[in-house]
Amino acid sequence: MSETSQSQRGIVYVVLAVAVFAAAIAAYSSVSAQSSMASVATQTSSVAQSISTQTSTIAESLSDSATDTTSEESTLTVAGLGSVTLAPDMVSLNLGFDTIAPTAQEAVQKNTETMNKILESLKTLGLEEKEVKTSYFSVYPQYTYDPEGKNAPTISGYQASNNVNILTKKADRTAEIIDNAISAGANRVDGPYFSLSTEAQKNLRNEVIEMAKKDAEETANTVLAGTAHSIKGVKSTSISFGGYPIAYLERAVSGISPVYAGQAQLQSAAYIPPPPVLPGEQQVTATVTMTYILG
């Protein structure tokens with residue numbers, strides 16, 4: 001018997017004792033005042049009925065309390081860990097070309113010719129049109145300033161700037177993309193940046209969660225081994241991720257990023273194609289906290 005049940009039973013005994021004592025006093029007082037046995041019997045019966053009612057009420061209270069105690073669930077809370085190591089499956093970089101000419105029309109024409117060569121060089125690597133987008137194009141005048149400040153600036157020519165963004169799953173061909181673009185005339189390179197595609201993020205998230213859930217269940221079964229309990233259900237769960245944000249983004253160090261130089265410099269004999277660009281791997285983790293219902 002639990003300590004609570006013993007305490008409640010003791011309360012019942014005290015109440016009964018007090019009730020009997022009160023009944024005895026009431027009976028004695030009645031005999032002395034009225035000297036009537038019929039009256040004593042009547043009052044004694046009334047007291048007994050009162051005692052019975054109080055006892056019944058206390059017994060019901062004890063019964064309800066016992067029911068509440070037995071209805072409480074036994075639970076076990078454990079944490080499980082899932083971990084996956086992988087390489088990003090997408091690469092993004094910006095390629096551009098700047099042209100300076102005496103007139104705006106000539107600057108645009110020369111820029112267009114070179115950018116077409118750059119785009120053709122990318123197609124030879126299997127890049128599709130949807131993977132290459134123009135992100136910036138502008139034409140603006142170049143000024144010559146009077147060093148003495150006596151005369152107003154004069155237009156000395158025009159510069160045309162064109163920039164394309166590449167976003168592709170051909171991350172293993174990053175070095176070739178950069179090399180082809182520069183060889184075709186690109187004089188600006190920004191990147192590369194490596195990331196996980198939406199599809200890869202979803203698959204990764206599901207994989208690490210399943211691993212963490214399995215780890216939590218194995219831990220719980222180990223804890224319960226040799227006891228009278230077993231897992232009957234799940235009461236609650238919570239999940240947290242670690243290792244990197246799901247929108248993982250990493251910038252590679254290729255030795256030429258970012259690049260901004262004259263076309264002649266990049267296409268000179270001193271230009272050396274970039275080495276293989278490797279995005280590396282990243283460990284991703286998920287922690288699942290499970291509260292199990294025990295039976």
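Bear in mind these aren't lab numbers, they're just calculated from the coordinates by the rules spelled out. If you're wondering where the values come from, they're calculated on a predicted model, not measured in any experiment. Note: ideal-geometry Cβ built from the backbone for every residue, glycine included; neighbour counts use all protein chains shown.
Take the residues in region 121-135 that are basic (Lys, Arg) and free of Cβ contacts under 8 Å to residues at least 24 places away in the same chain; name whichever of them is farthest from residue 175 (Cα to Cα).
130
Residues that are of a type in the set (S, T, N, Q) and loosely packed, with under 12 Cβ neighbours inside 10 Å were ranked within region 135-182; the one that is farthest from residue 98 (Cα to Cα) is 151.
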